[in-house]
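First up is the structure itself, then whatever we jot down about it.
The values are calculated or read from the model by the stated rules, or taken from the named source; none is laboratory data. Just so it is clear, the model here is predicted, and its values are computed rather than measured. Virtual Cβ from ideal backbone geometry, glycine too; neighbours counted across all protein chains shown. The protein model used for the area step is the full one, side chains on, heavy atoms only, and it has no ligands, DNA or RNA in it. Shrake-Rupley method; radii C 1.70, N 1.55, O 1.52, S 1.80 Å.
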Amino acid sequence: QVQLVESGGGLVQPGGSLRLSCAASGRNFAIYRMGWYRQAPGKQRELVAIVTSGGSINYAESVKGRFTISRDNAKNTVDLQMNSLVPEDTAVYYCHVGFQAIGYWGQGTQVTVSS
């Protein structure tokens, strides 16, 4: 059974940093793409960052230069380091792993950027 467990969300002031972590279990995810999505109230879920099995990385334009995604295939984890946070980054952040048409979601972790 595949399980994704996210951690690291919380409340932070503008300009602050948070690190999200996602631990995947249930199989070897080395061939899976791993990424983070987010959904703000009243908005559609959007891609934040993704890293392929080969190590290629893509970021949403809005987070380039501020967020860094990394994965550890030995531990089946994917992390998202978020710096210089702004209120517009407030959302529920979801971990996602996928291979071809197969995909799995975490339960989500709330990130709130507010003074």
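Applying the criterion of being among the polar types (S, T, N, Q) and at pLDDT 95 or above to the residues of region 95-114, the residue that is nearest to N28 (Cα to Cα) is Q107.
Every residue, every condition in (1) part of a helix (DSSP H, G or I); (2) at pLDDT 95 or above; (3) among the polar types (S, T, N, Q), yes or no:
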site	(1), (2), (3)
R38	no, yes, no
I50	no, yes, no
G54	no, no, no
S62	yes, yes, yes
G65	no, yes, no
I69	no, yes, no
Y93	no, yes, no
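For S84, state whether it is touching a Gly at 6+ places or on another chain (Cβ under 9 Å), in a loop (DSSP other than H, G, I, E, B) and either of a type in the set (F, W, Y) or touching a residue at least 40 places away in the same chain (Cβ under 8 Å) (or both).
yes
Scanning region 93-115 for residues that are of a type in the set (A, V, I, L, M) and open to solvent by 40 Å² or more (accessible area, probe 1.4 Å) yields A101, I102.
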